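Readers should treat all values here as calculations from the given coordinates under stated rules, not as data from a laboratory. Bear in mind that the values here come from a model prediction, so they are computed numbers and not experimental data. Every residue, glycine as well, gets a Cβ built from its backbone with ideal geometry; the counts of neighbours run over all protein chains shown.
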Amino acid sequence: MVRWPSEKPLVRVICAGLIGNVMEWYDFSLYGYFAVTIGHEFFPDAQPGVSLLAAFATFAAGFLVRPLGGVVLGRIGDRMGSQHALLISVVAMAIPTTLMAALPTYNQVGILAPILLVILRLMQGLSAGGEYTTSIIYLCERAPSRKRGWMAMWGLWGSVAGMLLASALGDCLAHGLSPEQLHAWGWRIAFALGSVIALVGVLLRNHLRPMQSVEPPSNQPLRELVMHRSALLRVLLLNVASSVSFYLLFVYVVSDLESIDKLASATALNLNTKAMGLLLILYPISALIGDRVGRKPMFILGSGWLVLGAWPVLHLLQSHDPSTIWRGELGLVMAVAILAGAKNAANVELMPQAIRNTGLALAFNLAEGWIGGLTPLAATWLVMHSGHPTSPALLLVGAGVVTLVTAVGFTRETAFAPLQGSTTGEGAPVSAKT
């Protein structure tokens, strides 16, 4: 007789995969939310638009090193197990976040301030590169049959929960402090609190137990990566639409509403916080649908939504009216949620087990780091050089086309096949050990 998993082991598995993402993305996204403030404090001599551009360039620097961090932590995961990579990742993120809270500004130490800022962003990017991919592999390989989308979703849910926490705290600080106080020292409070979340993550992940690997890791990872280059490219392209839309909505739009639409910081952060809260509700629903109908229909619907809706959404976002802007944000939230119903489990299912951690970390971080992470910078550049505030719609359309073509023409359905390396198999229980 088949014994289905009890709730307690599943909850432990989910919490282990979730907590690090909460901490990682709380820390990592704080910079994006306070980009205007950080630009003023660390690049004070520049014009407002150039200052914001410099701040986003520094933000992008953290993303550019994510593939390297992902490969290093991915290799640790393939060789030693996901639990070791998860613990290293959460410790590595805690260090630069704590230091960010005490970082001197340009007026205090001159050119050394932006140099130190870039170094800390690079450290954060290296550690974040392996967190999400390692956690969804950890969750998928321990998921009951036909529930991989549901289980993997919690890794992404934790990421957005961390970003929501950062946005909510920024919202509270913007409402509770004067603009002068927020620029002078208020933003440091948010980074200081990140060290508390980091401590919780370390305590939870310090007790993870390894699982028996079905297939040994490759002794020639570079050769294996080249052999499976089609899988790497497929996963990369499938993640382009979700990466671009996510970072346009939750990083660029916040600063755009402040610097171009001239909305108050409190109003922009409030809209952002509501959008993230809605996304946390939609993620589980989308994951359940993805487990039922498959990954391909969700990829096609989400990327098609971006292609058709990009221009109307950007027009709504430039309306200067908070209620109209909210409708524009809803359009992007729907696209992000639909794509999430496919990508989390598909990322794991499409990658061979022997290079699963390394390969997924490389492919995902190239999409998320080099394409998604550069989106705020690219959007700011487009607006500055075209003079059209809706020009970032070009990024959404292009990203949607890339993922749509990949899903329709080059991706097989993986939702209903057994996962290589799973601890559960078809109809088997999840391991009680996490």
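Summary value for the chain: 29 percent relative contact order, contacts being C-alpha pairs under 8 angstrom separated by 6+ residues. Here region 256-311 is assigned +1 on the Cβ of each Lys and Arg and -1 on the Cβ of each Asp and Glu. Its dipole about the Cα centre then comes out at about 280 debye.
Computed over the chain with a Gaussian network model linking Cα atoms closer than 10 Å, the most mobile of MET151, MET384, MET227 is MET227. Residue separation of THR324 and ALA192 scaled by 0.36 nm, minus their Cα-Cα distance, works out to 44.1 nm of gained length.
Take the Cα of SER386, step 7 Å toward its Cβ, do the same at LEU233, and the gap between the two points is 2.8 nm. In order along region 362-373, the phi-based Karplus estimate (6.51 cos²θ - 1.76 cosθ + 1.60, θ = phi - 60°) of 3J(HN,Hα) comes to 5, 5, 5, 6, 5, 6, 6, x, 7, 9, x, x Hz; Gly and Pro are listed as x. In a fully extended conformation the segment linking VAL118 and LEU199 would gain 26.7 nm over its present Cα-Cα distance, using 0.36 nm per residue.
Calculated mean residue ellipticity at 222 nm for the chain: -24500 deg cm²/dmol, from DSSP H runs with n ≥ 4 weighted as -39500 (n - 2.57), summed, divided by the residue count and rounded to 500. Measuring r between the beta carbons of MET80 and GLN420 and using R0 = 22 Å, the FRET efficiency lands at 0.70.
What residue among VAL251, VAL36, VAL226 shows peak mean-square fluctuation when the chain is described by a Gaussian network model with Cα springs under 10 Å? Judging by the Gaussian network model, the answer is VAL226.
From the list [x] 19.3; [y] 55.9; [z] 63.9, can you say which value of mean projected area of the Cα convex hull in nm² was derived from the structure given? The listed entry that was calculated here is [x].
Note on the chain: Lys pairs 8 or more places apart or on different chains, Cα atoms under 29 Å apart, count 12. Taking DSSP loops as anything outside H, G, I, E and B, show the longest stretch in the chain free of GluC sites (Glu not before Pro) there with at most 14 other beta carbons within 10 Å. That gives 1-412 as the longest site-free run. For the pair ARG146 and ILE285, the difference between a 0.36 nm per residue extended length and the Cα-Cα distance amounts to 48.6 nm. Here the calculated FRET efficiency for LEU222 and ARG412, from their Cβ-Cβ distance with R0 = 30 Å, stands at 0.75, rounded to the nearest 0.05. Pairs of Cα atoms nearer than 8 Å and 6+ residues apart set the relative contact order; for region 269-424 it is 36 percent.
By other beta-carbon atoms within 10 Å, ranking TRP370, TRP157 with the fewest at the front produces TRP370, TRP157.
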